[in-house]
1. Which ³J(HN,Hα) values, rounded to whole Hz and listed in residue order, are derived for segment 9-21 from phi using the Karplus coefficients 6.51, -1.76 and 1.60 in 6.51 cos²θ - 1.76 cosθ + 1.60 with θ = phi - 60°, glycine and proline given as x?
2. Go through segment 61-72 residue by residue and turn each phi into a ³J(HN,Hα) via Karplus (6.51, -1.76, 1.60, θ = phi - 60°); whole Hz please, and just put x for glycine and proline.
3. Evaluate the distance, in nm, between pseudo-label points positioned 7 Å from the Cα of Val332 and of Val121 along their respective Cα→Cβ axes.
4. Tell me which residues come under 5 Å, amide H to amide H, from Val332 once H is placed; ignore anything under 5 positions away on its chain.
5. For segment 81-97, in order, what is each residue's ³J(HN,Hα) by Karplus, 6.51 cos²θ - 1.76 cosθ + 1.60 with θ = phi - 60°, in whole Hz (x at glycine and Pro)?
6. So for Val298, Val158, fewest C-beta neighbours within 10 Å to most, what's the order?
7. Using modelled backbone amide H atoms (1.01 Å from N, in-plane), which distant-in-sequence or interchain residues come within less than 5 Å of Ala341's amide H?
8. How would you rank Phe96, Phe27, going from fewest to most other Cβ atoms within 10 Å of each one's own Cβ?
Amino acid sequence: MQFPRLRSLPVWQQDALIALTTWAVGFGVYAAGIHRLLAGYDHAPLWVRLLELTALCGLELLRRWVPGALLLATAVVAADIWLGPSLPVLIIYTDFLYAATLYGSRRTSRVMIGVAALSVVGVLAAVLLLAQEWRVAVLSAVGVLPFVVTPVWWAANVRQQRDIAETERANAAQLAKIAELDRRAAVAAERGRMARDLHDVIAGHLSAIAIQSEAALSLPDPQLARAVLESVRENSVSALEEMRAMIGLLKAERGDAARTAPARLAELAKLVESARASGLDVTVGSTVDTAVPLPAAVDLTAYRITQEALTNAVKHAPGGKVDVDVCYLDGVLAVEVRNDAYHPKEDDGAGTGLLNMRERADAVGGKLTAGPEGEGWLVRAELPVSDSR
């Protein structure tokens with residue numbers, strides 16, 4: 001038969017079990033007549049001793065009530081000393097000292113430690129004054145003091161370890177909360193990055209597909225319509241490739257990111273051709289040499305900003321003239337997309353596209369400005385290359 005562990009029981013059951021066990025052991029000691037601490041005959045009848053034992057064990061049910069239980073137990077111990085000190089009462093009283101130190105307030109615990117220290121001096125002084133021989137006094141003190149000092153010292157150590165454990169649990173809970181907040185922030189940042197990528201792919205390629213398809217339907221020249229449809233197909237394939245690459249990045253391990261990443265500024269010519277097929281007159285000025293190694297983040301950011309700026313020009317300035325310049329100077333990659341036919345309204349520039357461009361530039365430590373310039377609109381991004389390597 002297996003008995004449940006004492007700590008797994010409710011508090012009142014633990015205290016009741018302690019009280020019953022203590023009473024049974026104390027009854028056996030009194031019945032055997034080995035309870036006297038001082039030499040001589042015990043003039044107190046057995047029923048008086050058992051009454052003391054029952055009262056003290058009954059108070060064990062209130063041992064966690066501090067300092068009330070300790071004070072009542074002290075009164076019972078005082079009566080026992082007046083009748084003649086007995087071993088069971090003194091041993092049970094040590095549990096009240098232990099409980100008061102462990103379960104009391106911090107102030108009560110400090111008071112109990114002080115009382116235990118003073119009792120050492122007091123008992124030694126008392127026995128030296130009352131005893132006729134100093135050797136007997138010392139032996140008596142050595143025999144009595146452990147009943148006071150040991151439970152208080154033990155409870156103080158248990159309380160210290162308990163407080164340390166509670167502090168560690170609180171710290172662990174705080175760390176878990178911080179980790180959860182960090183995880184949520186990382187998830188939010190990743191969702192934002194994915195939203196930007198999806199927006200760029202959809203707004204860039206699919207917007208071009210919609211505009212070019214509409215233009216192809218109204219073109220009378222079959223060859224020109226075929227050229228537009230070829231651009232539509234190219235945009236569709238590019239969109240599918242980028243979506244496939246994005247899904248691959250989500251599924252692949254960290255080390256496979258470079259293998260699945262799509263092309264960057266090397267694909268600038270395709271963006272320009274797609275914009276021209278949509279009806280824009282695109283002029284490409286200076287461009288950065290593709291042989292110059294660029295950090296992947298800067299390369300992607302420059303490509304996406306150019307793509308988004310051309311997409312906005314296609315939607316808001318159809319048939320206009322657009323100038324694209326990409327240059328590298330003094331550790332900064334500058335991207336400029338300027339059109340001469342875009343007349344912004346009050347709410348233009350507050351859309352997702354412009355916000356995504358700014359977020360991308362901020363992510364690599366750069367800055368982006370967008371606003372009217374003359375009769376048109378200018379998007380300029382300055383991306384530091386050295387800080388992003």
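1. 7, x, 4, 5, 6, 4, 5, 5, 5, 5, 5, 5, 5
2. 5, 10, 4, 7, 8, 10, x, x, 4, 5, 5, 5
3. It is 7.7 nm.
4. Those qualifying (amide H under 5 Å, at least 5 residues apart or on another chain) are Val385.
5. 5, 5, 6, x, x, 10, 5, x, 5, 5, 5, 5, 4, 4, 5, 5, 5
6. Fewest to most other Cβ atoms nearby, the residues stand as Val158, Val298.
7. Amide H neighbours of Ala341, under 5 Å, 5+ apart: Lys321, Trp377.
8. Values: Phe96 25, Phe27 17.
So the residues, fewest neighbours to most, are Phe27, Phe96.
Since every read-out is calculated from the coordinates, none of them should be taken as a lab result. The model shown is predicted, which means the values in this text are computed figures rather than measured ones. Quick reminder, even Gly has a Cβ in these numbers, built from the backbone with ideal geometry, and neighbours come from all protein chains shown.
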